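Notes to accompany the following structure.
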Amino acid sequence: MRSLSVSAVAALVVVFAHGAAADGGGRAEAVASGGSRLWTTVPDGVVAVDPVTGKRSPVIRTGVLGTVLAATERTVWQLQPHGLVAVDVAGRRVRLRIRLGQAGYALAVGGGAVWVPSYQSDTLLRIDPATGAHSRRSRVPHSPQAIGVGAGSVWLACIGPSHTGRGGVLIPDGPGIVARIDPRSGVVQSRVRVGRGPQAIAVAAGAVWLLSGRGVGADDTLDRVDVRTNRVVATFPVPHWSSAVAVGRRYAWVVSSPKSAGGVITRIDKRTGHAATRRIPRSWTPASVALAGGRVWVADPGVAQLIVIDPRTLRVTKRVTLPIS
């Protein structure tokens, strides 16, 4: 379909928030589009998948159990809490190992840098993609969860004030915040109030899409923020325990586990707001979603698969099973 063209995906940065990944030991914890490939995780490395044929390439061993990915044509970035690995795609080898100093659980690439927020210190780290040097650490709103790059800015989704409930669960105290950050100076230029419990973010086609579903009492909504006005212009309900969002020309796509086991996918028409939700057969805990090759790709670590969905019928058309050892 035209609405899921590769050119649309190239402008999209989808990042996976802390807490979105489920059990699975690093097997399909994330899926990221980089150039002509899709990338996902295996227990000790990353693997490329052809988005047209679904053929899986040999594993590139990184020696880390990193469950967050970002990709460009030349480099795949794999994040583990205290370190970042850069994989050279052409050479099929690790070219950089970067110590972060503070724990990070979200990652984005764009604007001439690699960006890693830390929810423990409420900071955003800017990394030189060529050398791995830390070029700046900026203060940001409380508890950053997810990050995207687009429209000349870095966009950071933050929980805001929160407290811990029984059993250690996170309870947001109020609405979330999306901070618009100048990539050159690191200065927060605007703060936009969004749904309670920000979980994931996507930047595409002149808008920022903010998925809220993290923590007890989260709003279970998808907010659309206009990048010209820095205002929420539309809000869509989504299923409970939604974990990730991807956005194409016509539709926004959300994956969820509303019963804590067994995945569903929701297709939202950006023009009309009409939503269609379908169960994903033999899915357990969908953690990530990307668009490539005219199809929707869902990473499910519960079954160690990339699950391919037809955007028109919402039916599963292919499964790419990953090596688990």
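Simple spin-label estimate for residue 269 and residue 190 gives 2.8 nm between the two label positions (7 Å along the Cα-to-Cβ direction from each Cα). When you filter the trypsin sites (Lys or Arg not before Pro) in region 151-196 for DSSP loop state and at most 13 other Cβ atoms inside 10 Å of their Cβ, you are left with 184.
The mean sequence distance of close C-alpha pairs (under 8 Å, at least 6 residues apart), as a share of the length of region 244-286, puts its relative contact order at 34 percent. Counting protein heavy atoms only, region 49-168 has 50 percent of its accessible area on carbon and sulfur, 1.4 angstrom probe. The listed peptides 104-113, 226-235, 73-82, ordered by packing as a protection proxy, come out as 104-113, 73-82, 226-235 (highest mean of other Cβ atoms within 10 Å first).
By the helix-only formula, in which each DSSP H run with n ≥ 4 contributes -39500 (n - 2.57) and the sum is divided by residues, the chain has a 222 nm mean residue ellipticity of -500 deg cm²/dmol. Taking the Cα centre of region 250-296 as origin and assigning +1 to Lys and Arg Cβ atoms and -1 to Asp and Glu Cβ atoms, the resulting dipole is close to 120 debye.
For a test of the definition: using alpha carbon positions, the gyration tensor, and the 1.5 limit on a/c, classify region 123-278 as rounded, prolate or oblate. Because a/c hits 1.5 or more and a/b fails to exceed b/c, region 123-278 counts as oblate. For the chain, the per residue solvent-accessible surface stands at 40 Å², with DNA, RNA and ligands left out and a 1.4 Å probe.
Sequence-distant contacts, meaning Cα pairs under 8 Å at least 6 residues apart, place the relative contact order of the chain at 17 percent.
Here the Karplus relation 6.51 cos²θ - 1.76 cosθ + 1.60, evaluated at θ = phi - 60°, turns the backbone of region 246-262 into coupling constants of 9, 9, x, 5, 10, 10, 9, 10, 10, 10, 8, 10, x, 10, 6, 7, x Hz, with x for every Gly and Pro.
For region 111-128, the Karplus equation 6.51 cos²θ - 1.76 cosθ + 1.60, evaluated at θ = phi - 60°, returns couplings of x, x, 7, 9, 10, 10, x, 10, 6, 6, 10, 6, 9, 10, 9, 9, 10, 6 Hz by residue, with Gly and Pro reported as x. Placing unit charges on the Cβ atoms of the charged side chains and taking the dipole of the chain about its Cα centre, the candidate lying farthest along the positive direction among 132, 190, 308 is 308.
Placing +1 on the Cβ of every Lys and Arg and -1 on the Cβ of every Asp and Glu, with no other charges, gives the chain a dipole of roughly 600 debye about its Cα centre.
The values are calculated or read from the model by the stated rules, or taken from the named source; none is laboratory data. Fair warning: this is a prediction, and the values are worked out from it, not measured in the lab. Positions of Cβ are backbone-derived with ideal geometry, glycine not excepted, and every protein chain shown enters the neighbour counts. For accessibility, only protein heavy atoms count, side chains too; no ligands or nucleic acids. Shrake-Rupley method; radii C 1.70, N 1.55, O 1.52, S 1.80 Å.
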